[in-house]
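What follows is a short report on a single structure.
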Amino acid sequence: MTRPFTFPGLTTRVVFGHGTLAQVPDEVARLGHHRALVLSTPHQQAEAQALADRLGDRAAGVFAGAVMHTPTDVTDQAIAAFRAANADCVVSLGGGSTTGLGKAIAVRTGADQVVIPTTYAGSEMTDILGETAGGEKTTRRDPEIRPEVVVYDVDLTLTLPLALTVTSALNAIAHAMEGFYAPDRHPVTEALSRDAMPAFRDALPALAKDPQDKKARAKALYAAWGCSLTLGHVTMALHHKLAHVLGGSFGLPHAETHAVLLPHTTAYNEPAVEDLLRPIADTFGYDAAGKGLWHFAKSLNAPLRLSDLGLKEADLDRATEIATKNPYANPRPVTRDGIRHLLQQAFDGRCPA
Ligand code: NAD
């Protein structure tokens, strides 16, 4: 029998394909805007400038100061640039860091956003914004945060370095993994998440051989879209909580942390929701979702140990403390001993049992 569900509806317009960057000026015009501030990280400044040139009269300038975890002082500078340029919308070209800056501007000014994602992190379809101020990261959800338009251009992902390709894809799989057991899941997220698993399974080994493989890049970006949509429309649990703790309180890098945690958080919850995680076990083999993901990550030379990301063994107790301080919904009860054990396994890089 079909499970009862509530489908919140989709509000973000999506354009997907090769060379779709050419459509960005039309998308800005379609929103009724005339002066777009183009955002990027310093690393992607040249691409942002080229996009501003392409926007011509519809460009208000470029702000290339986006950095990881959306520090509010950078947002303040970007808003000053937005106002000084008399901009009426933002165009965010880049990964989650740039998308985060666009969202932070949008939620403060009401500006519309056109997002052009160039990683698989998946911020573009969500109503979630994580920001840092005074060394603390806080996350909120608000409909105002969700971008109006997302333009996926597969060609822009051809330059994504292989290591980030792999960790960013595992970051995306983590959204789908928690989506499979989310209490508010519905057929749209279930179908797209299920679709994303074989797409990533096939695309990543192909990209490890040839990062310029356009068909594999298209598959991976399509899968990332589904995972992003899932992240943006259902509630996340243990995996995202732990990633938030390790990133926010210990400064660990975003995509790599998700990549290392994923097999362990999956294995932790698997006994409680084995049937719901079956699409992962069926896709990645080894008869168990967590184990299958660990072997998949290993085959791609993904980082496997929290110790390699800069975490100290002495930090594991404090990380456990923070992660278990406030209760939150999770398929399997979150216990101190259970999380301490999970973190030790991830610290050592052992295959989850
Ligand atoms: P990122 O945006 O920081 O990008 C990493 C680096 O790769 C940057 O220097 C960037 O310029 C470069 N880069 C990106 N795409 C490239 C490409 N195609 N070719 C060459 N270089 C490229 O990394 P990320 O993992 O995409 O994003 C991480 C951030 O996103 C974190 O702050 C995280 O909290 C946030 N995030 C938020 C959400 C949400 O829903 N709010 C979801 C996922 C991630």
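The values are calculated or read from the model by the stated rules, or taken from the named source; none is laboratory data. These numbers were taken from a predicted model, which means no experiment stands behind them. When we count neighbours, we look across all protein chains shown, and the Cβ atoms used for this are built from the backbone with ideal geometry, even at glycine.
Flag: GLY102 matches the condition of being assigned by TED's automatic domain parsing to the domain that holds VAL150, assigned to a helix (DSSP H, G or I) and surrounded by 15 or more Cβ atoms within 10 Å (Cβ to Cβ). Looking only at residues in region 295-353 that are in a helix (DSSP H, G or I) and polar (S, T, N, Q), the one that is surrounded by the fewest Cβ atoms within 10 Å (Cβ to Cβ) is SER299. Within region 110-128, the residues that satisfy the criterion of being closer than 22 Å to LEU221 by Cα and in contact with a strand residue (DSSP E or B) (Cβ under 6 Å, 6 or more places away or on another chain) are GLN113, VAL114, VAL115, ILE116, THR118, GLU124, ASP127, ILE128. Return the residues of region 297-320 that are touching a residue at least 24 places away in the same chain (Cβ under 8 Å) and touching a Lys or Arg at 6+ places or on another chain (Cβ under 7 Å); say none if nothing qualifies. If the condition is that a residue be touching a residue at least 24 places away in the same chain (Cβ under 8 Å) and touching a Lys or Arg at 6+ places or on another chain (Cβ under 7 Å), then LEU304, LEU316 are the ones that fit.
Only one entry of LEU262, LEU276, LEU221, LEU238 meets the criterion of being within 19 Å of THR157 (Cα to Cα), among the hydrophobic types (A, V, I, L, M, F, W, C) and at pLDDT 95 or above, and that entry is LEU221.
Is it the case that some residue within region 181-202 is farther than 30 Å from PRO8 by Cα and not in a loop (DSSP other than H, G, I, E, B)? The answer is yes, given that some residue of region 181-202 is farther than 30 Å from PRO8 by Cα and not in a loop (DSSP other than H, G, I, E, B).
Go through THR41, THR12 for me and flag whichever is under 21 Å from the mean Cα position of the chain (by Cα), among the β-branched types (Val, Ile, Thr) and within 30 Å of GLU190 (Cβ to Cβ). Steps first, please.
On the way: THR41 fails: within 30 Å of GLU190 (Cβ to Cβ).
None of the other options fit; the residue is THR12.
When region 73-101 is examined, which residues are found to be away from the ligand (no atom under 11 Å from the Cβ) and either under 19 Å from the mean Cα position of the chain (by Cα) or of a type in the set (A, V, I, L, M, F, W, C) (or both)?
Keep residues of region 73-101 that are away from the ligand (no atom under 11 Å from the Cβ), which gives 73-91.
Matches in region 73-101: VAL74, ALA78, ILE79, ALA80, ALA81, PHE82, ALA84, ALA85, ALA87, CYS89, VAL90, VAL91.
Within region 8-65, the set of residues being of a type in the set (Lys, Arg), surrounded by 18 or more Cβ atoms within 10 Å (Cβ to Cβ) and out of contact with any helix residue (DSSP H, G or I) (no Cβ under 8 Å at 6 or more places or on another chain) is empty.
With THR72, THR126 as the choices, which residue is farther than 19 Å from GLY226 by Cα and hydroxyl-bearing (Ser, Thr, Tyr)? First the steps, then the outcome.
On the way: THR126 fails: farther than 19 Å from GLY226 by Cα.
Only one candidate passes the filter, namely THR72.
I'd like to verify a number: residues in region 238-275 that are of a type in the set (Ser, Thr, Tyr) and within 18 Å of GLY310 (Cβ to Cβ), how many? Outline the logic, then answer.
So in region 238-275, the residues of a type in the set (Ser, Thr, Tyr) come out as 249, 257, 265-266, 268.
Still in the running and within 18 Å of GLY310 (Cβ to Cβ): 249, 257.
Within region 238-275, residues that are of a type in the set (Ser, Thr, Tyr) and within 18 Å of GLY310 (Cβ to Cβ) number 2.
A quick yes/no check of all residues on (1) buried (at least 24 other Cβ atoms within 10 Å of the Cβ); (2) of a type in the set (Val, Ile, Thr); (3) within 13 Å of the chain's Cα centre (by Cα); (4) in the same structural domain as LEU276 (by TED's automatic domain parsing):
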{"position": "ILE173", "(1), (2), (3), (4)": "yes, yes, yes, yes"}
{"position": "ALA182", "(1), (2), (3), (4)": "no, no, no, yes"}
{"position": "ARG185", "(1), (2), (3), (4)": "no, no, no, yes"}
{"position": "VAL188", "(1), (2), (3), (4)": "no, yes, no, yes"}
{"position": "LEU192", "(1), (2), (3), (4)": "no, no, no, yes"}
{"position": "PRO198", "(1), (2), (3), (4)": "no, no, no, yes"}
{"position": "ARG201", "(1), (2), (3), (4)": "no, no, no, yes"}
{"position": "TYR222", "(1), (2), (3), (4)": "no, no, no, yes"}
{"position": "VAL234", "(1), (2), (3), (4)": "no, yes, no, yes"}
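Screening THR165 against (1) under 14 Å from the mean Cα position of the chain (by Cα); (2) surrounded by fewer than 19 Cβ atoms within 10 Å (Cβ to Cβ); (3) hydroxyl-bearing (Ser, Thr, Tyr) leaves a single unmet condition, (2).
Given the criteria hydroxyl-bearing (Ser, Thr, Tyr), in the same structural domain as ILE105 (by TED's automatic domain parsing) and within 30 Å of PRO183 (Cβ to Cβ), does THR75 qualify?
So THR75 does not fit the description; no.
With respect to PRO205, determine if the residue is away from the ligand (no atom under 16 Å from the Cβ), part of a loop (DSSP other than H, G, I, E, B) and in the same structural domain as THR324 (by TED's automatic domain parsing).
Details: away from the ligand (no atom under 16 Å from the Cβ): yes; part of a loop (DSSP other than H, G, I, E, B): no; in the same structural domain as THR324 (by TED's automatic domain parsing): yes.
No; evaluated as a whole, the condition is false for this residue.
Against the condition at positive phi, outside the structural domain of LEU238 (by TED's automatic domain parsing) and at pLDDT 95 or above, how does GLY122 come out, does it pass? Yes: the conditions hold for GLY122.
Taking region 56-109 as the range and being more than 23 Å from LYS137 (Cα to Cα) and acidic (Asp, Glu) as the test, the residues that pass are ASP57, ASP88. Within region 240-293, restricting attention to residues that are more than 14 Å from the ligand (Cβ to nearest atom), among the hydroxyl-bearing types (Ser, Thr, Tyr) and part of a helix (DSSP H, G or I), the residue that is surrounded by the most Cβ atoms within 10 Å (Cβ to Cβ) is THR266.
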